[in-house]
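Just below is one structure, and these are the notes that go with it.
The values are calculated or read from the model by the stated rules, or taken from the named source; none is laboratory data. Because the structure is a prediction, the values reported are computed rather than measured. Every residue, glycine as well, gets a Cβ built from its backbone with ideal geometry; the counts of neighbours run over all protein chains shown. To get the accessible areas, we keep the full protein, side chains included, count just its heavy atoms, and leave off ligands, DNA and RNA. Shrake-Rupley method; radii C 1.70, N 1.55, O 1.52, S 1.80 Å.
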Amino acid sequence: MDYKAGGKRKQQHSLNLLDQIKCMKDLTEMIDVVLVAEEKKFPCHKLILAAFSPYFKAMFTCGLMECAQREVVLHDIAAESVSVLLHYMYTSELYLTNCNVQNVAIAAFFMQMEDVFSQCQTYMMDHIEASNSIGIYYFAKHIGAEELSERARKYLYQHFAEVSQQEEILEVEAQQLLSLIRSDDLNVSREESILDLVLRWVNHSRKLRADHLIELLKQVRLVLVSPSFLVEARKRNTVLLSNSQCIDMIEGALETIKKSNQPSLSLRYGMETTTLLLCIGNNSGGIRSRKGNYAEASFCYAPLTQKTYFISSPKYAEGLGSIYTGVVTENNSIVVAGEASATKMSRQKTRNIEIYRYEGHGNRFWESLCTAQFRELYALGTIHCDLYIIGGQMKLKNQYQITNIVEKYSMEQENWRTLAPLPVPLACHAVVAVKNRLYVIGGWTPQIDLPDDEPDRLSNRTLQYNPSQDKWTECAPMKYSKYRFSTAVVNHEIYVLGGIGCLERDRGQARQCLDVVEIYNPDGNYWREGPPMPYPLLSLRTNSTCAGAVEGKLYVCGGFRGTARHEVITKEILELDTWENNWNVVAIKALMHDSYDVCLVAQLNPRDLIPPPSDLMEQ
């Protein structure tokens, strides 16, 4: 027996039956019940209602007088919702919009249509945004939809700065607003936005809401508001000026701010966000703790507080098997590129560059973003929300060749484009972005004028890419030809730190580990020397950096401490004050992995990170 053919016949039979029943409804044939909602009548069939709704099945089979009623009046149910649900019953098509979904959900809940009720919840989850998150949150709480309520609450809290500017929030009840602004979990960077919200909410209907002002103002952490904003708010809002208790609260806050630099009140979630150095990547050694398995987490360092945290690693479970490099986009998306894990690779037909993105909120995990044609020793750059894979080494016809291919991935459009190639093939080079331009620096380039047994040459070239013109321009060269160096951008200047190289253009002269710091000024197109590093230092990976910039200072996190290329891993964190031009050691034995993959700089909240193991911190 052909089961596949049998299944198709059954499917076609069901569709024919559905079409015939809908046709009978449209022609009002064999109608035995009429639903009435908002005085609008809907002729239909009891059998269909009972088949889809346990509520109607119980009504029509209970043996009471409802069984014989020709009309059934549905109180407090929108006529549009009844129309949508009947259309679903007769056609299997459920038409949901942002405008009707809540009413349809209420009607489905009333009629005990769990499948439709579930679809309504899924629709709302997929369409939560700043303009409707509050309405969805309180709607979900009202009907007891716990998963939807929790999803809306997380969105509302995480995007509260944007939500607080929407008209919807001005319509909430006083106790609802009070509950919201009481929370420590609101993602707002400044308490001024909470004070502004309270004043706008009261002024939206001042006669009815003025009595709630004191109660709401007590939940605003006034000592976290800037004094100038408090003074201006008091001056401009008559609702404050007309209330002596409000004036006393503001005066008290101003006096407290004047006396103390450190606020005693707890900060809200968004106020704790800080700039971190992320040493992404891990190995089996380097961090051994009795308090848990930190081998699967990556080291983070907060220069402003000198605190240590950990972040989940993309080299976990079936994620990446290896990481080659990474970037942080202008909207703070953390992106790494590497190669699939052995488990994942065994299921793939081709070898790819695997690109992952960190999902910093909610479950805080790494998700696959996209893949690209495989190559090695490439550079990964970013401008706006676009990723650029530049150069590298590819295997063509069983031979490894250094390439000049450049490809761009749009994170918004989710597609790849091939761009103007590099002027010269490069591998093990670096790329950084300054003022919406990419700068490619150093690396290897193939030699073509010498015998085949001669090695590839190091590059001291600086190449600028203009994305608006899709054009490469050669800029002033570095003093040293090199690779395995670290890079960072400070005050719109490019710092190139350490590496292996030789003076001037590489003509085959001896190479050495470098403590040299070279600084490039893109505006003037010139290089100058910076303060030498305390010792020669190599990056841990041939095509990624161990450095990052925070608040105008440059930091180097570990690396290979090289002397005549006898390499020893260091776990020191070096700090360069770019104004004083001197180096300091700010951490000696940081809890980083022996050999991580790339150092990135991103804004993250310590609440979303893994605390360090207490037994190692005590040491």
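Here are the numbers for this structure:
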{"read-out": "Pair list, Cβ under 6 Å, 6 or more apart: segment 397-418 residue farther than 19 Å from Glu354 by Cα, other residue polar (S, T, N, Q)", "value": "Tyr400/Gln393; Ile402/Gln393"}
{"read-out": "Lone qualifier among Glu504, Glu551 - being closer than 29 Å to Thr275 by Cβ and of a type in the set (Asp, Glu)", "value": "Glu551"}
{"read-out": "Complete set of residues in segment 347-360 that are surrounded by 17 or more Cβ atoms within 10 Å (Cβ to Cβ) and among the charged types (D, E, K, R)", "value": "Glu354, Arg357"}
{"read-out": "Test: residue in segment 361-374 that is under 25 Å from Arg457 (Cβ atoms) and either without any contact (Cβ under 8 Å) to a residue 40 or more places away in the chain or open to solvent by less than 60 Å² (accessible area, probe 1.4 Å) (or both)", "value": "yes"}
{"read-out": "Given (1) under 22 Å from Pro425 (Cα atoms); (2) of a type in the set (A, V, I, L, M); (3) in contact (Cβ under 8 Å) with a residue 40 or more places away in the chain, index of the condition Ile355 fails", "value": "(1)"}
{"read-out": "One residue from Glu80, Glu129, Glu93 being in a loop (DSSP other than H, G, I, E, B), open to solvent by 20 Å² or more (accessible area, probe 1.4 Å) and more than 27 Å from Ser164 (Cβ to Cβ)", "value": "Glu93"}
{"read-out": "Subset of segment 100-126 that is surrounded by fewer than 16 Cβ atoms within 10 Å (Cβ to Cβ) and under 17 Å from Pro54 (Cβ atoms) - its residue that is nearest to the chain's Cα centre (by Cα)", "value": "Ser118"}
{"read-out": "Residue count for segment 18-50, restricted to those that are of a type in the set (A, V, I, L, M) and touching a residue at least 24 places away in the same chain (Cβ under 8 Å)", "value": "9"}
{"read-out": "Unique match (being within 20 Å of Thr487 (Cβ to Cβ), of a type in the set (A, V, I, L, M), modelled with pLDDT of 90 or more and out of contact with any His (no Cβ under 7 Å at 6 or more places or on another chain)) among Leu419, Leu426, Leu369", "value": "Leu426"}
{"read-out": "Given (1) in a loop (DSSP other than H, G, I, E, B); (2) at pLDDT 90 or above; (3) β-branched (Val, Ile, Thr), number of the condition Ile287 does not satisfy", "value": "(2)"}
{"read-out": "Flag for Ile353 being within 23 Å of Ser459 (Cβ to Cβ), assigned to a strand (DSSP E or B) and touching a Phe, Trp or Tyr at 6+ places or on another chain (Cβ under 7 Å)", "value": "yes"}
{"read-out": "Which numbered condition Met394 fails, given (1) touching a Cys at 6+ places or on another chain (Cβ under 7 Å); (2) modelled with pLDDT under 95; (3) open to solvent by less than 80 Å² (accessible area, probe 1.4 Å); (4) not β-branched (Val, Ile, Thr)", "value": "(1)"}
{"read-out": "Subset of segment 203-223 [hydrophobic (A, V, I, L, M, F, W, C) and either closer than 23 Å to Arg153 by Cα or within 27 Å of the chain's Cα centre (by Cα) (or both)]", "value": "Leu216, Leu217, Val220"}
{"read-out": "Selection from segment 111-167 of residues that are farther than 20 Å from Glu191 by Cα and acidic (Asp, Glu)", "value": "Glu114, Asp115, Asp126, Glu129, Glu146, Glu147, Glu150"}
{"read-out": "Filtered residue count, segment 290-331, keeping only those that are crowded, with 21+ Cβ neighbours inside 10 Å, part of a loop (DSSP other than H, G, I, E, B) and at pLDDT 90 or above", "value": "1"}
{"read-out": "Qualifying residue in segment 432-448 (condition: within 30 Å of Ala510 (Cα to Cα) and free of Cβ contacts under 8 Å to residues at least 12 places away in the same chain)", "value": "yes"}
{"read-out": "Subset tally (residues that are crowded, with 18+ Cβ neighbours inside 10 Å and touching a strand residue (DSSP E or B) at 6+ places or on another chain (Cβ under 9 Å)) for segment 44-73", "value": "7"}
{"read-out": "Residue count for segment 397-409, restricted to those that are over 13 Å from Thr445 (Cα atoms), surrounded by 14 or more Cβ atoms within 10 Å (Cβ to Cβ) and of a type outside the set (Val, Ile, Thr)", "value": "3"}
{"read-out": "Odd one out for Leu195 among (1) open to solvent by 10 Å² or more (accessible area, probe 1.4 Å); (2) assigned to a helix (DSSP H, G or I)", "value": "(1)"}
{"read-out": "Qualifying residue in segment 337-346 (condition: open to solvent by less than 80 Å² (accessible area, probe 1.4 Å), in contact with a Ser or Thr (Cβ under 7 Å, 6 or more places away or on another chain) and farther than 30 Å from Ala587 by Cβ)", "value": "yes"}
{"read-out": "Selected residue (criterion: farthest from Lys218 (Cα to Cα)) from residues of segment 132-187 that are surrounded by fewer than 21 Cβ atoms within 10 Å (Cβ to Cβ) and of a type in the set (Ser, Thr, Tyr)", "value": "Ser149"}
{"read-out": "Test for Val116: is it within 19 Å of Val34 (Cα to Cα) and free of Cβ contacts under 8 Å to residues at least 40 places away in the same chain", "value": "no"}
{"read-out": "Test for Gln469: is it at pLDDT 95 or above, open to solvent by 30 Å² or more (accessible area, probe 1.4 Å) and assigned by the TED database to the domain that holds Asn331", "value": "yes"}
